[in-house]
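First up is the structure itself, then whatever we jot down about it.
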Amino acid sequence: MTPVKTPRGTRAAADTPENLLAYALAMESEAAERYAELADQMAVHNNQEVAALFRKLGEIEYLHAENIRRQAAGHELPRISLGGYRWGSRESPEALDPGEVHYLITPHQAVRLALRHEQQAAEFYGTIARGSGNREVQALAKGYEEEEREHVRLLTEWLERYPVTGRDWDDDPDPPMEQE
Ligand code: ZN
């Protein structure tokens, strides 16, 4: 499995509980939306099995975002513009890059890809939990990390459920007219 890099953005998010809540909310909402978009795309390409997988993951992330939203009630969250998050890349560590998702992606490949992003998310929160000097930040981040580790466990189970991808996985007898 590809080694997990420590995501950037952890320093900005680790300052105060409000910052962490804002980062976590952004990250989980983005992950939920991305999985839902990918599910739609896969459905368009009639890749129903992967569409269902992404749909399920989107629901899981949506619930996580809702939990964070509840925790954030009563906190004045900083307003951070979409480009203002310091992820160290264009996107948050948990969101899949649609460019990585071929329309014929197999369930095994899709789960592997999601697994990598869930590991990055766990690493993001774990780094904050271990590195922050603020007790409340540590406690929140630890809870989020555990949640992401749970997603990693779930996906590891799913990985075993689906056969490893064969070499001809992207053969399409009837390719779409325009791809991308
Ligand atoms: Zn997750």
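None of the figures in this text is laboratory data; all of them are computed from the coordinates on show. For clarity, every value in this text was computed on a predicted model and none was experimentally measured. Backbone-built Cβ (ideal geometry, glycine too); neighbour counts: all protein chains shown.
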- Query: If you take the Cα Rg of the chain and divide it by 2.2 N^0.38 Å, with N the number of residues, what do you get?
  - Reply: 1.08
- Query: Which one of HIS108, PRO173, GLN120 has its Cα pushed farthest toward the positive end of the charge dipole of the chain, where Lys and Arg give +1 and Asp and Glu give -1 at the Cβ?
  - Reply: GLN120
- Toy charge model, Lys and Arg Cβ at +1, Asp and Glu Cβ at -1: the stretch 44-100 dipole around Cα centroid in debye, rounded to 20, equals 240 debye
- Message: Nothing charged except the Cβ atoms of Lys and Arg (+1) and of Asp and Glu (-1): what's the magnitude of the dipole of the stretch 55-180 about its Cα centre? Round to the nearest 20 debye.
- Response: 780 debye
- Message: On C-alpha positions alone, give me the angle between the axis of helix 107-131 and the longest principal axis of the chain, in degrees, nearest 10.
- Response: 10 degrees
- Query: Once the Cβ-Cβ distance between LYS142 and GLU37 is put in as r, and R0 is 35 Å, what FRET efficiency do you end up with, to the nearest 0.05?
  - Reply: 0.70
- Task: Using just the helices of the chain, give the 222 nm mean residue ellipticity in deg cm²/dmol: DSSP H runs with n ≥ 4 each add -39,500 (n - 2.57), and the total is spread over all residues, rounded to 500.
- Result: -21000 deg cm²/dmol
- Message: Take ASN46 and HIS75, extend 7 Å from each Cα along the Cα→Cβ direction, and tell me the distance between the two endpoints in nm.
- Response: 4.7 nm
- Note on the structure: Ranked from fewest to most other Cβ atoms within 10 Å of their own Cβ, MET42, MET27 fall in the order MET42, MET27
